[in-house]
1. Do the conditions hold for A:Leu21, that is, is it in contact with a Phe, Trp or Tyr (Cβ under 7 Å, 6 or more places away or on another chain), over 26 Å from B:Arg314 (Cα atoms) and not small (Gly, Ala, Ser)?
2. Please find, within segment A:126-145, the residue that is surrounded by the most Cβ atoms within 10 Å (Cβ to Cβ) out of those that are closer than 16 Å to A:Thr187 by Cα and at pLDDT 90 or above.
3. Among the listed residues A:Gly100, A:Gly74, A:Gly132, A:Gly116, identify the single one that is more than 21 Å from B:Arg303 (Cβ to Cβ), more than 18 Å from the chain's Cα centre (by Cα) and within 10 Å of chain B (Cβ to nearest Cβ).
4. What are the residues in segment A:166-179 that are more than 13 Å from chain B (Cβ to nearest Cβ) and within 14 Å of the chain's Cα centre (by Cα), if any?
5. Counting residues that are within 14 Å of another protein chain (Cβ to nearest Cβ), which helices (runs of 4 or more DSSP H) fully inside segment B:292-404 reach at least 3?
6. Is there a residue being assigned by TED's automatic domain parsing to the domain that holds B:Val95, aromatic (Phe, Trp, Tyr) and in contact with a Leu (Cβ under 8 Å, 6 or more places away or on another chain) anywhere in segment B:178-191?
7. Take B:Thr354 and tell me if it is surrounded by fewer than 21 Cβ atoms within 10 Å (Cβ to Cβ) and under 24 Å from A:Arg82 (Cα atoms).
8. Being more than 25 Å from B:Ile317 (Cα to Cα) and modelled with pLDDT of 90 or more is the filter; apply it to segment A:150-172 and report the residue that is surrounded by the fewest Cβ atoms within 10 Å (Cβ to Cβ).
Amino acid sequence: MSLLEIRALRKGFRSPDGHLLPVVDIPEFSLAAGQAVALAGPSGTGKTTFLNLIAGILTPDSGSIRIDGQEIVGMTEHGRDRLRANAIGYIFQSFNLLQGFTCLENVVLGMSFGAGANPARATDLLRRVGLGDRLHHFPRQLSTGQQQRVAVARAMAGKPRLVLADEPTGNLDPANAREALALIRETCTENGSALLLVSHDRDILGAFDNVPSLADINRAARPQPARA
Amino acid sequence: MTLWLLVRRSLRQHLLSTIVTALSLSLAGGLLMTVWSLKTQARQTFERMDGGWDAVLGARSSKLQLVLNAIFHLEASPGNIRPADLATLAANPAVKAVVPLAMGDNYLGFRIVGTTTNHFTDHEFAEARKFRVREGRVFEDGYREALLGAFAAQKLGLKIGDEFKPYHGLNYASKPSDNVQHEEIYVVVGILDASNTPADRVVWIPVAGIQNMAGHDPATAQDVSAALVKLRDPAAGFRLDQLYNKQGDRLTFAWPIGTVMAQLFDKIGWFDNVLTLVAWLVAVVAAASVLASIYNSMSARRRDLAILRALGARRRIIFTAIIAEATTIAAIGAACGFFVHFALLFGAATLVRTQTGVVIEPFQPGWVWLWAPAALMGLAALAGTVPAFKAYDVDVASSLSPES
C-alpha cells in the first residue's frame, strides 16, 4: 500500500482581478513507504503549494490526499496538526529555523508536538550532522550549511514516515548541497522514511534515478496554449 | 516543558518590552498591595489602639475629638473638666481607674501632657503590658520633672539630666520667633521604653505642672483637659454614656474608644475607596500594557508562530503559550511588586509613626499578598487573550516562505 496517495487534487488562488488561478491540478500521484522521489520544477510551478497541501498547511479546493491510509482532505485543523507532528518532517528552502532558539531547542521542538521532547535524541542527531559542538548556538551564529543541517536534524527528529523537502539545497553552494542531500537520504533510509523532494537544481536531481518533472504530474504547471 | 521553553525564549527575545511591562506591573502590584495593607492595618491598629482605656471623658464636643486628643494626642482639647466632675467620675462604683490629662504646651513640636504617676506605675496599656522606664525613673508629683516617650526622646535628643523650657500651645510654629517659651525649667528624669503607642511621642510631666505653668489661666488651674477611664465592667459604659451624653449637656463620654475610631474610618471610607480605585486602575492600565506589548510584537512573531504550526504545534498550544507569556510577565511584575510594596509601606509606616506614634507593621502577612498577585496575573492573562487570538489565527502558509 502507498504511504502517500493523491487523487484529483486541485488548488488555485484568486488573482487581484478575481480570477481563479490554478496552481495545482494533479490527477494522480503516489509514494510508497520508504521510497525517495525527486520532482523537478522551476520556480512558480507550485512546488511549495503542492508540499503544503500534503503537509496539511493548505487545504485543497478539491481532491483527495491520503497519508498512510488516512484522508487529510476534510480533516480538522487539529487533526492535520497532529498528522504533521506525528508523521511528517518538513525541510524548508529557507530552513525556517526559530531564531530565538538554540540548535538543540530547534531540534527538540521538531519532536515536541509529536513523539515528545527528547533532548538526548536531539543531541545525538545534531552530533550525527556534525554539530555536536554547536548545540547551544543560535541559528544566526551558524553558517548557511550548518543551518541547513540543523533543519535536516529537526525534520528527522520525530522519525517521520514522510519527509517533505522543498528546495532543501537552494541556499547552499554545490559542495554543501551535495553534503546536505546525502545527509537527508541517509537519515531517511535509517528511519525508513519516504522522501519527496522538489527542486530545480540539476546537480541535486541527478542523484535520483528517476526524476519526473512537476509539470508531468501537475497539469496546472504545464505551459498554457496561447489564446487565439 | 515545551510550553515553558516557548514562553522563556519569547520573553528573552522581547527582553526590553518584558522588563518595561513587568516594571509597570510591579508598580501596579506594589501600589495595590500597599493601599490595601495600609487601609486594613491602619483601621485595625487605630481601632485597637485604646491605650488600655475603656473611655474618655472631656468637655462637651464630639467623641472623636476627645479620643483623638486624649488617646492619640492629635486634636486640640475641646475644653476643660472641673475637679468636681473628675471626683464624681472617680467615685462612680463602675469606674475602676481615672487618670487626668492636662495639655496646652509643647517642646519643639512634641506635646507636653500632664498626668499622674499611676498612669505609668499601675496602668496596663495593653494586655499584661505596663509602661516600662528604660532609663531613669517616673517623675514625682510636685516637681518640675519630665518623663519622655521613647520616640520623643530619640527625636529631641534629650538625655537624663537635660533641662528644657516648654513652649506655649500644642504646636511649635515653624518660625521660632512666633513661639512663646515658658520660664519654667523642666529636667528629664526618665525615658520610657518604646510602647508602639501614641505615648511614645509625648513629653510627660506632673499634671500640676501644666495647671500651674506661668501664663495659663489661674481660674482654671485645677481643671484638666480630659480623663482616661477604666471601667470595672465594660458594659457599665452604657450607663455612663446615658448619664453624660443623654442626660447631661456639659461633658462628653467617649465610649467605647474602638467604636469611635471605627466611625472615623467609616467617615473617611470614601477616601479608601478612591485610593483603591486608583490602584485598580493602575493595575488595569498595567495589564493593558501587557496586551499592547505582546500585540505589537505579533507581526515580528508571525513567522515563528507559523514555523511552530508547521512543526505540528496545535493552535491551542500557541494560544496557551501567549497567555502563559502574559501571565509570566505578570508573575515577574508581581514578584518585583513586593519590593515596591515593602518600600512604600515602610515609608508610610514611618510617616504614620512619626505623626501618631502608632506602629504599622510592614511585613505583617495578609491575604492581599496572595490575592493581589493572583488578580494581577488574572488581569494579564485576560489581556493576553487578545494577542493570543491573533496568534491563534496566524495563516501558516502565507507566513512561511513565499510560494514557488
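The values are calculated or read from the model by the stated rules, or taken from the named source; none is laboratory data. Remember, it's a predicted structure, so these values are computed and weren't measured experimentally. A quick note on method: Cβ atoms are made from the backbone with ideal geometry, for glycine too, and the neighbour counts reach across all protein chains shown.
1. It is true that A:Leu21 is in contact with a Phe, Trp or Tyr (Cβ under 7 Å, 6 or more places away or on another chain), over 26 Å from B:Arg314 (Cα atoms) and not small (Gly, Ala, Ser).
2. So in segment A:126-145, the residues closer than 16 Å to A:Thr187 by Cα come out as A:126-131.
Now drop any that are not at pLDDT 90 or above, which leaves A:126-127, A:131.
Values: A:Leu126: 23, A:Arg127: 13, A:Leu131: 21.
In this case the residue turns out to be A:Leu126.
3. It is A:Gly116.
4. Taking segment A:166-179 as the starting set, the residues that turn out to be more than 13 Å from chain B (Cβ to nearest Cβ) are A:169, A:172-179.
If the condition is that a residue be more than 13 Å from chain B (Cβ to nearest Cβ) and within 14 Å of the chain's Cα centre (by Cα), then A:Thr169 is the only one that fits.
5. By residue number, B:298-310, B:315-356, B:396-399.
6. no
7. On the way: surrounded by fewer than 21 Cβ atoms within 10 Å (Cβ to Cβ): yes; under 24 Å from A:Arg82 (Cα atoms): no.
Considered against the rule, which asks whether it is surrounded by fewer than 21 Cβ atoms within 10 Å (Cβ to Cβ) and under 24 Å from A:Arg82 (Cα atoms), B:Thr354 comes out as no.
8. Quick first cut of segment A:150-172, residues more than 25 Å from B:Ile317 (Cα to Cα) only: A:165-172.
Applying the additional criterion that residues be modelled with pLDDT of 90 or more yields A:165-166.
On the way: A:Ala165: 28, A:Asp166: 24.
Per the stated criteria, the residue is A:Asp166.
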